[in-house]
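Written out below as structure tokens is the structure these notes cover.
Each reported figure results from applying straightforward, stated rules to the coordinates on display, with no laboratory input. Keep in mind it's a predicted model, so treat the numbers as computed, not measured. Glycine also receives a Cβ, built like all others from the backbone with ideal geometry; neighbour counts cover every protein chain displayed.
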Amino acid sequence: MTISVRPVEHRPDYDGESPFPEAGEHTPVGGSQAGLTAAIVVLPFVALGAAIFLAWGRGITLTDLIIAAVLYIVTGLGVTVGFHRLLTHGSFTTRPWVRVALGVAGSMSFQGNLIDWVAVHRRHHAFTDRPGDPHSPYRYGTSLRGQLQGLAHSHLGWLFINDQTPAERYAPDLLADPAMVRVGRAFPLLCALSLALPFGLGWAISGTLYGGLTAFLWAGLIRIALLQHVTWSVNSLCHVVGSRPYRTRRHDRSTNVWPLALLSFGESWHNGHHSEPTCARHGVERGQIDPSAGLIRLLERLGWAADVRWPDQARLRHRRVDVPPRAGD
């Protein structure tokens with residue numbers, strides 16, 4: 001299944017260097033939404049401070065780290081394989097229960113309702129690094145000051161601006177899927193579960209309330225903070241620094257940033273992704289680590305995934321910047 005959105009409004013007057021026309025508009029989100037977003041962003045850092053203080057003595061155990069690693073992998077792959085490659089781009093199809101399981105796992109990452117997440121990301125691809133992109137680091141232009149301001153915006157600031165992305169336009173297929181609508185509505189409950197699980201496991205394994213609290217800090221709040229900032233770094237760093245071996249659309253400055261590859265489960269091969277958005281593998285070259293593609297391959301071998309869009313090497317070769325483009329590219 002190929003996922004597409006309605007034709008977008010082209011802005012032929014945009015020169016790729018000037019601030020976006022809407023750059024001066026900073027209508028903040030509502031007070032309750034701003035408070036909730038701030039809590040999601042700030043509380044993990046408060047937890048990090050507390051955890052560092054506790055760890056000075058005996059505030060972290062192997063149990064905390066194992067639970068944190070397992071939940072990071074489960075929720076992270078829920079975002080990269082579920083939210084992104086399956087639901088946003090239709091890079092493969094899968095059985096309904098797998099679709100729901102990936103949606104649930106991604107929702108536990110505290111990155112928002114899955115339907116809103118998909119809508120925003122499809123809009124990002126429709127307007128990449130042009131006016132209309134919800135989190136481009138080029139919103140304020142390409143001067144040094146504009147770039148610094150843009151990085152802050154693309155990494156975190158866009159979450160606090162009232163710039164609604166209509167799901168009716170960008171994710172009508174998900175709105176028509178009762179299972180996905182139910183998962184989206186369960187987002188607050190799934191966030192609570194994402195914090196309750198490490199607390200309960202830590203308490204059960206250690207046999208102490210203190211063990212539950214340290215697991216809550218490390219495998220709950222700090223795990224969430226790390227995954228959030230890795231994801232936001234794909235929005236920010238992966239459009240500013242790194243390599244661009246493949247051609248993308250005009251003004252699209254997506255890059256590959258290899259140091260983030262493992263933590264982002266292959267999402268930081270961002271230039272490869274923007275060159276071929278529906279491809280199931282983002283790390284398309286030999287040696288490029290892409291754990292998300294590995295999971296999709298496993299699902300395919302188990303018979304739980306089909307119609308997987310694996311890289312077409314001939315097509316990739318023609319999209320390399322060091323190969324002259326063909327007529328019509």
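Among Cys279, Cys238, sorting on how many other beta-carbon atoms sit within 10 Å of each Cβ, with the fewest leading, yields Cys279, Cys238. Separation of segment 256-280 and segment 225-252, taken as the distance between their Cα centroids, equals 8 angstrom. Residues Asp252, Asp307, Asp133, Asp64, arranged from fewest to most other Cβ atoms within 10 angstrom of their Cβ, appear as Asp307, Asp252, Asp133, Asp64. With kT/(6 pi eta Rh) evaluated at 20 °C and eta = 1.002 mPa s, and Rh the Kirkwood radius from Cα pairs, segment 108-157 diffuses with a coefficient of 187 µm²/s according to Stokes-Einstein.
Of the peptides 270-277, 138-145, the ranking by mean beta-carbon count within 10 Å, highest at the top, reads 270-277, 138-145.
Descending by average beta-carbon neighbour count within 10 Å, the peptides 125-132, 73-80 line up as 73-80, 125-132, the highest first. Reported to the nearest whole Å, the Cα centre-to-centre distance from segment 166-203 to segment 72-104 is 12.
Footprinting exposure proxy ranking of Glu285, Glu17, fewest other C-beta atoms within 10 angstrom first, gives Glu17, Glu285.
For segment 46-319, the percent of C-alpha pairs falling in each 10 Å distance bin, counted from 0 to the bin holding the largest distance, reads 7, 27, 34, 23, 8, 1. Quantify how much of the Cα-Cα distance distribution of segment 196-329 extends past 18 Å, in percent. For segment 196-329, the fraction of Cα-Cα distances above 18 Å is 63 percent.
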